[in-house]
1. Quick one: Cα convex hull volume of the chain, Å³ per residue?
2. Using a 10 angstrom cutoff on alpha carbons, build the Gaussian network for the chain and name the most mobile of GLN194, GLN125, GLN176.
3. Please compute the volume of the convex hull spanned by the alpha-carbon atoms of region 37-111 and report it per residue in Å³.
4. Please list THR121, THR65 in order of solvent-accessible area, largest first, computed with a 1.4 Å probe with all protein chains present.
5. Counting only protein chains, not ligands or nucleic acids, how are THR42, THR136 ordered by accessible area (probe 1.4 Å), most first?
6. Considering only protein heavy atoms and a 1.4 Å probe, what is the carbon-and-sulfur percentage of the accessible area of the chain?
7. Give the accessible surface of the chain per residue, rounded to a whole number of Å², with probe radius 1.4 Å and ligands, DNA and RNA excluded.
8. So how much accessible area does SER11 have, in Å² to the nearest 10, using a 1.4 Å probe?
Amino acid sequence: MCAAIREDVVSRVFAPGERLTEESLAARYRVSRVPVREALRTLEAEGFVHSRPYAGTFVAEISETEAEDLLGLRALIEPFGAERAAARRSQLHLARLELVLAEAGELLRDGRHAGLARLNTSFHQLLAEASGSPDTAALVAQLGNKIAWVYSVELPRRANDSWREHAEILQALRDQDPERARELVADHIRRAQQAYRLRGGKGVRTPQHG
């Protein structure tokens with residue numbers, strides 16, 4: 001239940017500032033109000049929603065400061081994980097990453113960009129798991145949904161570049177080249193950060209995918 005609501009918040013099915021009621025969510029997901037209530041408590045602790053006394057529960061919005069902090073943390077953690085992954089990855093890790101890359105390629109060819117954010121999160125999580133470090137994987141997983149929220153509006157011109165960069169990262173893992181993997185992931189994140197900062201307008205409503 002929590003995962004379903006979180007996914008709809010991250011993908012902006014529910015807009016920032018939108019009021020969420022237990023009754024409407026229970027009807028949407030065809031469950032009782034009890035799991036909805038529990039899910040909203042969890043999502044509030046995670047920062048995806050916030051409640052106001054006598055007003056209800058509302059979808060939160062990532063501030064500029066929070067977005068920059070998240071991107072900065074990502075830039076510190078993920079290159080480290082990629083370096084470890086290039087040295088420690090298994091054939092199973094490679095196969096799972098290749099499947100994600102292939103699925104993303106199909107979506108790009110068909111012009112169906114809506115599913116790319118989910119695949120992007122999966123790619124980065126699998127990359128972290130390939131590091132062989134449970135702590136790194138846990139940190140990336142914790143950041144993953146928030147990062148997807150920052151990059152929740154898919155713009156095709158960045159999407160193609162992003163998945164080409166993913167393919168290069170995967171090749172570095174195949175080659176077992178830790179230094180190359182670290183550099184590629186650092187550059188990948190840096191480009192995504194630059195695209196985010198160059199987006200039009202304020203807030204996080206029109207970021208680029210990374």
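The values are calculated or read from the model by the stated rules, or taken from the named source; none is laboratory data. Keep in mind that what you see is a predicted model, and the values were worked out from it rather than measured. Positions of Cβ are generated from backbone atoms using ideal geometry, with glycine treated the same way; all protein chains shown enter the neighbour counts. These area figures cover heavy atoms from the full protein model, side chains too; ligands, DNA and RNA do not enter into them. Shrake-Rupley method; radii C 1.70, N 1.55, O 1.52, S 1.80 Å.
1. Values: hull volume 26.1 nm³, N = 210.
Hull volume normalised by residue count: 124 Å³.
2. Residue with maximal mean-square fluctuation among GLN194, GLN125, GLN176: GLN194.
3. Cα convex hull per residue, to the nearest whole number: 190 Å³.
4. Values: THR121 45, THR65 95 Å².
I get THR65, THR121, largest accessible area first.
5. Numbers: THR42 60, THR136 10 Å².
Largest to smallest exposure gives the sequence THR42, THR136.
6. Answer for the chain is 51 percent, counting heavy atoms of protein chains only.
7. Values: 10540 Å² over 210 residues.
For the chain, the per-residue accessible area is 50 Å².
8. 60 Å²
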